[in-house]
Structure formats: structure tokens, C-alpha cells
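Note sheet for the following structure.
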There are 2 protein chains.
Amino acid sequence: MAVVEFWFEFASTYSYPAAFAVEERARAVGVRLAWRSFLLAPIFGAQGWNDSPFNIYPAKGKYMWRDLARICARQGLPLRRPTQFPRNGLLAARVACRYAEEQWLPEFVRRVYAANFRDDRDISSAEVVGHVIDSLGLKAEEILAEAQTQNSKDALRTQTDRAIKLGLIGAPSFAVEGEIFWGGDRVEQAFDWALGKRDVVAL
Amino acid sequence: MAVVEFWFEFASTYSYPAAFAVEERARAVGVRLAWRSFLLAPIFGAQGWNDSPFNIYPAKGKYMWRDLARICARQGLPLRRPTQFPRNGLLAARVACRYAEEQWLPEFVRRVYAANFRDDRDISSAEVVGHVIDSLGLKAEEILAEAQTQNSKDALRTQTDRAIKLGLIGAPSFAVEGEIFWGGDRVEQAFDWALGKRDVVAL
């Protein structure tokens, strides 16, 4: 069966509730997930944006924060609006890319999101990311060093290039054999696609 | 019980499947609908856009057409990508605003959308809009004249001003006592809100 790629960026607000919901839902319907971290900056940069569109377009930002609050409330997920937005998720993304196949990866991802959107911690700092790694019973120093080797940096760059080639325009997104679904609210459609329930479309 | 306002713009692609689905779903859950036509141009203009963002940002446009095709396929709704996009829905919006309370209004709205997105007809023309009115067994000439009086023009302008004040950023949107839900995929959340199933949110 087709794998569902879950594409996320640590700065992305809507990726927070999605990261907390996706694994359980995938298990419920029997779909295999692959976690794919990437960076939105090059994708937004190609549109001429050097900041989050939610900051560039305040009306969009205002709606997003309210919508996010409703989504988190529905999921029973705490949300505190971070004092800084967006926060640079580069280091965490490198860890997530380098260790994508590890069993602890999904929990690492969720804890980084919680640090940002629940605890208002600065996830761009090695201290905060290291603290998350520690909390999983792993060796932070080792993992952070490995995540910042040239190989690991290149791996994230390559993965972000793949996101661009796939045509991703935001996060979170789902990809199933090249078919793209944008937004946490598209998770069931992506799963259906992976399960072979594909609507015939011709355009 | 709170009324759900369905805000739509005739140029809007995602409003097409929403217009075909919303009434049946509202009936199924026992929610009262109000149809609200408005214009996106002043809202997009405030963001510095003088065209559809789907044209300004081709990556977004590419994704949208594919996503729309999937949504229409799911609903069993034919879709032909119009040779011109967006098409000016001003005249149709004036009709929809002036005759919002008429029983035939929802069917008029759906037929205008079908003319644009199924039949690739130019809905900016009085001929095409008139043909839709005729097809409902109504007097096109009379209705088109009435829709273009100063009163009717002002009514649509006032309604679009209200959309701006509500904070609408796109179409379709739902509004329930000032609470905004953007996107056809938010219909159930909007209905839940109207039914009193409101998640407690504080931000």
C-alpha cells in the first residue's frame, strides 16, 4: 500500500495540531506514515515572501490564530500564542531529517511543537531542542552534533528540494505517490488516496 | 438558533462545490442558511492583489485546480476548467444580493456556478445571467433591470463592506454570529457552532 508522507515545518502553526493527530489516525485506518521535515523559507521566498504570510497579510494572520485555537480546542490540545512568530525551526528540522526512521522521531516532533506553541519556548536554540532530546532519554549532545554535520545539513536541503519539486506550497501537507494534499484538514483525503479510494479526476 | 451565513463570490472556484453541497447539509443537520453574495476584489485589493491569488501565485493556482478537481469528483460534480479565470461576477452578485430572500435564489446561484465552471460560459455577460434566470421560469429582463438600480448596487456594496468588517479573507466563508469559518471544508464546523457545539477557545 502507498505510504503517506507527512510534510511538516516546525515554524508552521497548523502543523502543530496535525503532528499530534496524524499518527493515531494513520494507525486507525491502517496507513503507513513517513515523517518528512522541510523548510518553508525557500518556498515562501520563491513567492516573494521573506516572512510568514500570516505576518505579511494581517487579516490572514488574525483568522489563522482564531482558526488554530478552535482546532486545538477540538483536539483538547493546549495552545499559547508564542511571543515570537515564526520561530526558526532549522536545527529541529535537521534532527528530524537525520533521524526520520527512529522510533522516537514522532514524539520528538510533537515535543518540539509543544515547546513552541504550548510553552512559548525558543525552539531555534540548541538548549531547547537539546532539552527535548534529553526528555526522551537520549543523548542530546551527540544527536545535536550529528544533526549539524555537513551530511545532515545536505540531507535537509535535498529533502526541501524534493518538497519544492512535489509542488508543496505550505505545511502541513500530505503526499501520496506524488499526489499532494495541503492542510491538516486534508488528512482523511490523503489516507483515502493511499487506501486506493481515488476519485477519478481529469482536468 | 443562530443562522449560518454562507458567503460566496461567483468568481471563486471553491465556492462552486460549496454552493452545491451547503443546502442539503444544512437541511440534514437542521441549520438555517442565509445566502450572502459579495465581491472579493476589494478584499484582495486591500492585500495589494489586483488579480486572483491563484493567478498571482502559480504554484497555489496549480494546487487549487487539482484540489478542486478532487473535491468536485467526490461530490459527483462536473468540472471544466474555464478558459477565462477569474470571471467577473458583479452582475450575478447584484441579482443574488437583491433577491437573497427568494425561494429560487439558491438554484439561481448554483446555475450561475455551473455556467462558469461546468459549461465555461461568460457569467459576466447579461445574456448568460439572463439565460439562467429564464431557465428558472422567471422574467430575466425585469430582474436584470431591478438588479442594476442604484438601490441594488448600493445593497451589494453595503454587503461587501460587511464582509470586510467581519474579517472575511476569501470565499466561500461561513459566519455564525460573527464567528468566521473560511473554506468549503469548514462547513461542518460552522454548523456545529450554530448548533451550540462551541469549543471553548481563549487566545
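Overview of values
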quantity	calculated
Selection count where residues are buried (at least 18 other Cβ atoms within 10 Å of the Cβ), more than 14 Å from chain B (Cβ to nearest Cβ) and within 19 Å of the chain's Cα centre (by Cα), scope the stretch A:131-170	6
Failed item, numbered, when B:Ala126 is tested on (1) buried (at least 19 other Cβ atoms within 10 Å of the Cβ); (2) more than 14 Å from chain A (Cβ to nearest Cβ)	(1)
Residue in the stretch B:62-76 that is farthest from A:Asp192 (Cα to Cα), counting only those that are buried (at least 18 other Cβ atoms within 10 Å of the Cβ) and in contact with a helix residue (DSSP H, G or I) (Cβ under 6 Å, 6 or more places away or on another chain)	B:Met64
A:Ile143 vs. criteria hydrophobic (A, V, I, L, M, F, W, C), in a helix (DSSP H, G or I) and either touching a His at 6+ places or on another chain (Cβ under 7 Å) or over 30 Å from A:Ala194 (Cβ atoms) (or both)	yes
Search result, residues across the stretch B:57-86 that are within 26 Å of A:Gly48 (Cβ to Cβ), at the interface with chain A (Cβ under 9 Å from one of its Cβ atoms) and either assigned to a helix (DSSP H, G or I) or touching a residue at least 40 places away in the same chain (Cβ under 8 Å) (or both)	B:Ala59, B:Lys60, B:Lys62, B:Tyr63, B:Trp65, B:Arg66, B:Asp67, B:Leu68
Residue match in the stretch B:87-97 (condition: assigned to a helix (DSSP H, G or I) and farther than 23 Å from B:Val132 by Cβ)	no
Qualifying residue in the stretch B:93-108 (condition: touching a helix residue (DSSP H, G or I) at 6+ places or on another chain (Cβ under 6 Å) and over 21 Å from B:Phe20 (Cβ atoms))	yes
Qualifying residue in the stretch B:74-92 (condition: within 30 Å of A:Ile43 (Cα to Cα) and aliphatic (A, V, I, L, M))	yes
Residues (within 11 Å of another protein chain (Cβ to nearest Cβ) and touching a Lys or Arg at 6+ places or on another chain (Cβ under 9 Å)) located in the stretch A:183-203	A:Asp185, A:Glu188, A:Gln189, A:Asp192, A:Trp193, A:Arg198, A:Asp199, A:Val201, A:Leu203
Close pairs (7 angstrom Cβ cut-off, 6 or more residues apart or separate chains): free of Cβ contacts under 8 Å to residues at least 24 places away in the same chain in the stretch B:170-184, surrounded by fewer than 22 Cβ atoms within 10 Å (Cβ to Cβ) and aromatic (Phe, Trp, Tyr) anywhere	B:Ile180/A:Tyr63; B:Trp182/A:Tyr63
Qualifying residue in the stretch B:42-52 (condition: buried (at least 20 other Cβ atoms within 10 Å of the Cβ), at pLDDT 95 or above, out of contact with any His (no Cβ under 9 Å at 6 or more places or on another chain) and not basic (Lys, Arg))	no
Tabulated pairs, the stretch B:24-48, first within 14 Å of chain A (Cβ to nearest Cβ) and under 24 Å from B:Ser124 (Cβ atoms), second charged (D, E, K, R) and exposed (fewer than 13 other Cβ atoms within 10 Å of the Cβ), C-beta under 9 angstrom, 6+ apart or interchain	B:Pro42/B:Asp161; B:Phe44/B:Asp51
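Yes/no per residue for (1) farther than 24 Å from A:Pro42 by Cα; (2) part of a helix (DSSP H, G or I):
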{"residue": "A:Glu107", "(1), (2)": "yes, yes"}
{"residue": "A:Val112", "(1), (2)": "no, yes"}
{"residue": "A:Leu138", "(1), (2)": "yes, no"}
{"residue": "A:Lys153", "(1), (2)": "no, yes"}
{"residue": "A:Leu156", "(1), (2)": "no, yes"}
{"residue": "A:Thr160", "(1), (2)": "no, yes"}
{"residue": "A:Gly170", "(1), (2)": "no, no"}
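The values are calculated or read from the model by the stated rules, or taken from the named source; none is laboratory data. Predicted model, so just to flag it, every value in this text is computed and none were measured. Reconstructed Cβ throughout: ideal geometry from the backbone, glycine too, with neighbour counts over all protein chains shown.
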